[in-house]
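One structure below.
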Amino acid sequence: MSEIRQVQVTFDCAHPERVARFWCEVLGYVVPPPPEGFASWAAYDGSLPPDRQGAAFACGDPTGAGPRLFFQRVPEGKAVKNRVHLDVRVGTGLVGEERLAALRAESERLVALGAVQDTVLLADEYDESCIVMRDVEGNEFCLD
């Protein structure tokens, strides 16, 4: 039997802390304490060489159940659709108009945080409704 491994989801981005804090708000995640010997992440970041300052940030599920999210600065901008995306499960167990109302309410909350609503996909004979969104740097994700 193979060993079960934890995963981390890594985002390439221009502004790691900004994107990380957005996802903290989306998922209820928290920023971990700064490294030993530093009173804050800003203090730690200031101790790094100038080219490494602001280069990375992370957040995690306070319960430990969900994966850690890691955000790393890259020089290039987003050019094409994500090949992998997160589905934020806000409509689990809901169907029809009740599900769509829950998705729309969450979309409004996230738009206020800087997300963009892209496409509302209405239920059909195969799938329930979902909403395609973009985070603060344009990365696609779904409200499902």
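Take the chain with all the other protein chains still there, run a 1.4 Å probe, and you get 64 Å² of accessible area per residue. Under 5 Å between amide hydrogens, built in the peptide plane, is the criterion, and for D118 it picks out V132, M133, R134 among residues at least 5 positions away or on other chains. Between A42 and E25, the contour length at 0.36 nm per residue exceeds the Cα-Cα span by 4.2 nm.
A dipole drawn for the range 1-128 from +1 and -1 charges on Cβ atoms has a positive end, and of V95, F38, L122 the residue lying farthest that way is F38.
The local environment of H85, defined by Cβ-Cβ distances under 15 Å, has a net charge of -2 under the rule Lys, Arg +1 and Asp, Glu -1. Solvent-accessible area of the range 1-104 (1.4 angstrom probe, protein heavy atoms only): carbon and sulfur portion equals 55 percent. Mean residue ellipticity, 222 nm, helices only, the chain: the sum of -39500 (n - 2.57) across DSSP H runs of n ≥ 4, divided by residue count and rounded to 500, is -7500 deg cm²/dmol. When each of the peptides 14-24, 80-90 is scored by the mean number of other C-beta atoms lying within 10 Å of its residues, the order from highest to lowest reads 14-24, 80-90.
The values are calculated or read from the model by the stated rules, or taken from the named source; none is laboratory data. Computed from a predicted model, the values in this text were never measured in an experiment. Glycine gets a Cβ as well: all are built from the backbone with ideal geometry, and neighbour counts include every protein chain shown. When the accessible area is computed, the model is the full protein with side chains, heavy atoms only, and any ligands, DNA or RNA have been set aside. Shrake-Rupley method; radii C 1.70, N 1.55, O 1.52, S 1.80 Å.
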